[in-house]
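To keep things clear, I will list the structure first and then write my remarks on it.
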Amino acid sequence: MTSFLRRLLVASLLLGAASGCATLDSKQSEWIFQPARENWRGFQGLPAGVEEVWLKVPGTRDEQVHGWWAPQADPDAPAVLYLHGARWNLTGSSFRIQRWREMGFSVLAIDYRGFGQSSGALPTEAQAYADAALAWEWLKTRVPQPRRRFIYGHSLGGAVAIDLATRVAPAEAAGLVTEATFTSVPDVVAASRYGWLPVGFLITQRFEAAVRMRRVALPTLILHGTADGVIPHGMADRLFEAANEPKRLVKFEGAGHSGLAWADYERYRATIAEFVRDAAGDPPRYAAR
């Protein structure tokens, strides 16, 4: 969430307070998610080896969540549910999804409702959580070994991933990975130049990631860049403090909000590989930080 978007969020909160709860909620959806419908510029079409997935949303007449499934040839390969952040739909996240494929993962990536080809007009916090849970149930049908299943979220997607991890027992998954994730939306606003404004009580879609992290029982890996100009890397420290053992925090010196896997790919790949080995049942080999 850039400083410009923080200003817009503060403005939307003030506007919503003046015009009613419905406007307040819709404005927050608009500025928190910034949902992208169109293909990202430069998108070259569905990547090779990727299958489209359509997930029917329970309790609705015809709403669907659209996803990509990219399986590895090795049936024992680890698999990850990939949850993207704000502004990025699947087409805009394809470069980061490809990194996970290169690291040997089967990848299920979804667009929340309101993004890409998924149903809906504007996403909401509750819908994003429900969409992630729906995708997780689908992934379980494709990857029967719980110790091979992982949850990953980037930025806003990290908050969604943390919520999902509170609902997933250790017997159902191997671990949680967050990257460039905030502690909560009110904390992001408070860290902005407008943090002195008393607007925290107006925020209805709060994404209380740090609070929820305390309830996560899965092994957790937290990644963040020290040059992140969107989400201060100090928020990673607070997520780490809230997380339960086993946990690890790894920071990438000089890396920005979206560039960890490019700032030092070998370290990134090695960090993920070690986490997967540990989470698969080997004795933990990493220190607390």
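Screening E179 on (1) surrounded by fewer than 24 Cβ atoms within 10 Å (Cβ to Cβ); (2) among the charged types (D, E, K, R); (3) within 23 Å of E30 (Cα to Cα) shows it passes everything except condition (1).
Can you tell me which residue within region 164-189, out of those that are more than 14 Å from the chain's Cα centre (by Cα) and acidic (D, E), is nearest to R206 (Cα to Cα)? For region 164-189, the residue satisfying everything is D187.
Does G114 fit the bill of being within 30 Å of K27 (Cα to Cα) and over 13 Å from the mean Cα position of the chain (by Cα)? Here the answer is yes, as G114 does meet what is asked. Among the residues of region 28-49, those that are under 23 Å from Q98 (Cβ atoms), aliphatic (A, V, I, L, M) and either outside any loop (DSSP other than H, G, I, E, B) or free of Cβ contacts under 8 Å to residues at least 40 places away in the same chain (or both) comprise L46, A48.
Search region 269-289 for residues that are under 17 Å from F252 (Cβ atoms) and modelled with pLDDT of 95 or more and pair each with any residue that is basic (K, R) and surrounded by 11 or more Cβ atoms within 10 Å (Cβ to Cβ) when their beta-carbon atoms are under 9 Å apart and the residues are at least 6 apart or on different chains. Here the result reads R269/R99; T271/R248; E274/R248; F275/R248, each pair linking region 269-289 to a residue that is basic (K, R) and surrounded by 11 or more Cβ atoms within 10 Å (Cβ to Cβ). Determine whether region 83-95 contains at least one residue that is under 24 Å from A270 (Cβ atoms), free of Cβ contacts under 8 Å to residues at least 40 places away in the same chain, surrounded by fewer than 22 Cβ atoms within 10 Å (Cβ to Cβ) and within 17 Å of the chain's Cα centre (by Cα). Scanning region 83-95 turns up at least one residue that is under 24 Å from A270 (Cβ atoms), free of Cβ contacts under 8 Å to residues at least 40 places away in the same chain, surrounded by fewer than 22 Cβ atoms within 10 Å (Cβ to Cβ) and within 17 Å of the chain's Cα centre (by Cα). Scanning region 80-91 for residues that are at pLDDT 95 or above and in a loop (DSSP other than H, G, I, E, B) yields H84, G85, A86, N89.
If you scan region 92-121, which residues turn out to be of a type in the set (A, V, I, L, M, F, W, C) and either touching a strand residue (DSSP E or B) at 6+ places or on another chain (Cβ under 7 Å) or closer than 21 Å to A209 by Cα (or both)? Working first, answer last.
So in region 92-121, the residues of a type in the set (A, V, I, L, M, F, W, C) come out as 95, 97, 100, 103, 105, 107-110, 115, 121.
I97, W100, F105, V107, L108, A109, I110 - these are the residues of region 92-121 that are of a type in the set (A, V, I, L, M, F, W, C) and either touching a strand residue (DSSP E or B) at 6+ places or on another chain (Cβ under 7 Å) or closer than 21 Å to A209 by Cα (or both).
Taking the condition of a type in the set (A, V, I, L, M, F, W, C), modelled with pLDDT of 95 or more and touching a Phe, Trp or Tyr at 6+ places or on another chain (Cβ under 6 Å), does V216 pass?
Working: of a type in the set (A, V, I, L, M, F, W, C): yes; modelled with pLDDT of 95 or more: yes; touching a Phe, Trp or Tyr at 6+ places or on another chain (Cβ under 6 Å): no.
Considered against the rule, which asks whether it is of a type in the set (A, V, I, L, M, F, W, C), modelled with pLDDT of 95 or more and touching a Phe, Trp or Tyr at 6+ places or on another chain (Cβ under 6 Å), V216 comes out as no.
Restricted to region 36-74, and to residues that are surrounded by fewer than 17 Cβ atoms within 10 Å (Cβ to Cβ) and of a type in the set (A, V, I, L, M), which residue is nearest to Q127 (Cα to Cα)? Within region 36-74, the match that is nearest to Q127 (Cα to Cα) is L46.
Each row is one residue, and each column tells you yes or no for (1) under 15 Å from Q34 (Cβ atoms); (2) without any contact (Cβ under 8 Å) to a residue 12 or more places away in the chain; (3) of a type in the set (F, W, Y); (4) buried (at least 24 other Cβ atoms within 10 Å of the Cβ).
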{"residue": "A121", "(1), (2), (3), (4)": "yes, yes, no, no"}
{"residue": "D131", "(1), (2), (3), (4)": "no, no, no, yes"}
{"residue": "E137", "(1), (2), (3), (4)": "no, yes, no, no"}
{"residue": "T141", "(1), (2), (3), (4)": "no, yes, no, no"}
{"residue": "P144", "(1), (2), (3), (4)": "no, yes, no, no"}
{"residue": "R148", "(1), (2), (3), (4)": "no, no, no, no"}
{"residue": "I151", "(1), (2), (3), (4)": "no, no, no, yes"}
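Inspect region 61-70 for any residue being touching a residue at least 24 places away in the same chain (Cβ under 8 Å) and acidic (D, E) and give the result as yes or no. First the steps, then the outcome.
From region 61-70, those touching a residue at least 24 places away in the same chain (Cβ under 8 Å) are 62-70; that's our starting set.
Still in the running and acidic (D, E): 62-63.
Checking region 61-70: at least one residue is touching a residue at least 24 places away in the same chain (Cβ under 8 Å) and acidic (D, E).
The values are calculated or read from the model by the stated rules, or taken from the named source; none is laboratory data. All values reported here derive from a predicted model rather than from experimental measurement. Neighbour counts are summed over all protein chains in view; Cβ atoms, including those assigned to glycine, are modelled from backbone coordinates with ideal geometry.
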